[in-house]
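These notes are about the structure you will find just below.
The values are calculated or read from the model by the stated rules, or taken from the named source; none is laboratory data. Small disclaimer: the values here were computed from a predicted structure and weren't measured. Ideal geometry is used to build each Cβ from the backbone, glycine not excepted, and the neighbour counts take in all protein chains shown. Remember, those area values only see protein heavy atoms, side chains included, never the ligands or the DNA or RNA. Shrake-Rupley method; radii C 1.70, N 1.55, O 1.52, S 1.80 Å.
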Amino acid sequence: MSIFVKTVYALWYRHFSTWKSMFWSSLTSNVFNPLLFLFSFGFGMGALVESISIDAAEIVYLAYIVPGMMAYSGMFTSSFETSISAFARYYMQSYWDQVLATPAKLHHLIWGEVSWAATKAMFAVICVMVVGYVFNGLELSWNVLWTIPIMLLGCLCFAACGMVATSFATSFEIFSYFFTFWVTPMFIFSGVFFPIDRFPEYVQWLSNALPMTHLVDVIRALCVGYELTALAYVYKLGYIAFITALAYGVAYRNMKKRIFD
Amino acid sequence: MAVIEAQNIQKSFGEFKAVKGVDFQVPEGTCVGLLGPNGAGKTTTMRMIMGLSALTAGSLKVFGVPVDKVGRSEKMRIGLVPQEDNLDPDLSVRQNLEIYGSYFGLEKSYIKERADSLLDFMQLSEKEDNRVNHLSGGMKRRLIIARALIADPEFVILDEPTTGLDPQARVLIWKSLLKLKEQGKTLLLTTHYMDEAQRLCDNIVIVDGGKVLDEGSPKELISKHVKNNVFEVQKPIPADLEKSDIDHEDIGDSVLYYVNDPEKVQGLLGKNATYMQRVSNLEDVFLRLTGHKLRE
Ligand SMILES: Nc1ncnc2c1ncn2[C@@H]1O[C@H](COP(=O)(O)OP(=O)(O)O)[C@@H](O)[C@H]1O
Ligand SMILES: [Mg+2]
């Protein structure tokens, strides 16, 4: 195993071993979260809209929101982990100083945070999928299997973006901006609960700039089986990968400057 | 070969110069003490050695390698005991050692072996499953030292290893550090406890305000700056003594006289002087060099 993989794994494992001791509470919240959403939307929105049409196909509302919730819970969990949780480790627990005194380097450290955040988020995503399946909101198919690596890419992307927030943060208050101007818009404007074409055009521009919109679109296409062109897949996934790389680069540069200056 | 060679190293934080050109060496197999009051720049110097803080100017070599080129192979040979307790609060005592060891890329079986022997060495075996929040200050410190030793480093940096501990806890740590010395490890220690420096260090570098004031073995420093004996004489000073050319320092209410031959002062004290005589020690050197004023 290369030193890089070995070191990132060691850092990942540190987070995993603290999480293990909280497994049951984590499982409970990850299952109840989508249950509460389904309950509320099933009775609320579902009573108003029974189905939604995409490209002339009618999709039952429940099947429409399960992929949205998959993307949302992945986005929220990974964003939270590399922002507030990682910042607590960096700022309050001197965890970063501790690690950087060993042969581990800043790249390892950030990859450790990001890969762990994505792992934890994937756990949440899979909980949503199980809940969705149990309540007939998700039909199993080979396409659905593809959502797993794609969700992983998405979670890595949001984790890297959370890391950018952490690299700028000087106190916990800063994260209220991160949630208000980044996480919440991705909840509202990215088509999690209804199609973005209901927004005025300038809002759609904003929507399309958010990586979440493309993730939701791809995951939904795979889950409910509507068609996206190959080009659309390449463009959407490429955009997510691009944002990931960009965020990682910005977070790395900021952190480097901040820690070693 | 010197493990550390620092030449004119400097560090500024914005306009503020924390380290203003420091030279010192840490020869292999010795214990060097960096002694200075709070804010002298000791921690900053250690952080520069560890590569946790970039140099503003100067040259710093670690195992002969310029500090900005220091890589994995050098880092494997250094253990750091930081000033603040940065143990992992989410992990147990044993996990704090084993998981830290994994950051070095060491084999699992080797880490386990090391953790066993270090828990024993630092007398923490009984606490191995406790969360670190439940440890006393002395135990935390011992665990941090054990953690620094996990990869069996040749060179150990200790930033105020015993500050804030009770005497028993300090003695226990000193004993383990002396054992490390016996094993031939190189140590760099910061402290503001003179007894600690005198006991452990072969060579002492006294720093203040980001500069080196003097350096040498404890003995050399004492005989150079404060002779063998100190007389602390209360004011008013007897006229004969005041007129004499004996090396002295006014510290407010009283004056300190430094002499090799005690009789020289005794003859000048007269009948009514209030004074205290004692053998001089490193503390006198330190106070003489860094001044008697209170620090931050
Ligand atoms: N990151 C920093 N930013 C600004 N000033 C700092 C920083 N770190 C240390 N200093 C200042 O540099 C001086 C030396 O600090 P330090 O090396 O911690 O001293 P010591 O360890 O000898 O007590 C102090 O005045 C301290 O306030
Ligand atoms: Mg210090």
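A few remarks follow.
- Seen against the Cα atoms of chain B and their longest principal axis, helix B:137-148 is set at about 60 degrees.
- For region B:2-222: relative contact order, % (alpha-carbon pairs under 8 angstrom, 6 or more apart): 30 percent
- Region A:3-260: equivalent-ellipsoid semi-axes (sqrt of 5 x gyration tensor eigenvalues, Cα, Å): 33, 19, 17
- Mean-square fluctuations from a GNM of chain B, with a 10 angstrom spring cutoff on Cα atoms, peak among B:A273, B:A40, B:A54 at B:A273.
- Averaged over A:100-113, number of beta-carbon atoms from partner chains that fall within 10 Å: 5
- Residue among B:D88, B:D245, B:D120 with the largest mean-square fluctuation in a Gaussian network model of chain B, springs linking Cα atoms under 10 Å: B:D245
- Probe 1.4 Å, all protein chains present, accessible-area order of B:H248, B:H225, largest first: B:H248, B:H225
- Accessible area buried, both sides summed, chains A and B with 1.4 Å probe, Å²: 2300 Å²
- Near B:P262, once Lys and Arg are set to +1 and Asp and Glu to -1 for all other residues with Cβ below 12 Å from its Cβ, the sum equals +1.
- Percent RCO, i.e. relative contact order, over chain A, from Cα pairs under 8 Å lying at least 6 residues apart: 26 percent
- Region A:19-106: C-alpha gyration tensor shape, a/c 1.5 cut-off, then a/b vs b/c: prolate
- For the listed peptides A:62-71, A:217-226, a ranking on the average number of other beta carbons within 10 Å per residue, highest first, reads A:62-71, A:217-226.
- Neighbourhood net charge (12 Å Cβ-Cβ; Lys/Arg +1, Asp/Glu -1) for B:G138: +3
- Each 5 Å bin from zero up to the one holding the largest Cα-Cα distance in region B:227-279 carries the following percent of pairs: 5, 23, 39, 26, 7.
- Calculated from the alpha-carbon coordinates, the protein assembly as shown shows an Rg and a Dmax of 31.2, 113 Å respectively.
- The smallest convex shape that holds all Cα atoms of chain B, its convex hull, gives 153 Å³ per residue.
- Aspartates and glutamates with Cα under 18 Å of B:K75, excluding same-chain neighbours fewer than 8 positions away: A:D97, B:E5, B:E28, B:E98, B:E107, B:D152, B:E154, B:D159
- Angle of helix B:167-182 to the longest C-alpha principal axis of chain B, folded into 0 to 90 degrees and rounded to 10: 70°.
- Across all directions, the average projected area of the convex hull around the alpha carbons of region A:196-261 is 6.0 nm².
- Take each peptide in A:19-28, A:177-186, B:70-79, count the other Cβ atoms within 10 Å of every residue, and average; sorted highest first, the result is B:70-79, A:177-186, A:19-28.
- Cβ-defined net charge surrounding A:S207, 13 Å radius [Lys, Arg +1; Asp, Glu -1]: -1
- Relative packing of peptides A:99-107, A:253-261 - highest average C-beta neighbours within 10 Å first: A:99-107, A:253-261
- Partner lysines whose Cα lies under 29 Å from the Cα of B:K219, excluding those fewer than 8 positions away in the same chain, are identified as B:K20, B:K42, B:K61, B:K175, B:K179, B:K181, B:K185, B:K211, B:K227, B:K264, B:K293.
- Legend: mean number of C-beta atoms from other chains within 10 angstrom of residue C-beta atoms, peptide B:91-102, equals 3.
- Within region A:4-20, the residues that become at least 10 Å² less accessible when every protein chain is included than when their own chain is isolated (1.4 Å probe; DNA, RNA and ligands ignored) are A:K6, A:T7, A:A10, A:L11, A:Y13, A:R14, A:S17, A:T18.
- Peptide B:204-211 has a mean shielding of 0, counted as Cβ atoms of other protein chains within 10 Å of each residue's Cβ.
- Of the GluC sites (Glu not before Pro) in region A:105-211, the ones in a loop by DSSP (not H, G, I, E or B) with at most 12 other beta carbons within 10 Å are A:E173.
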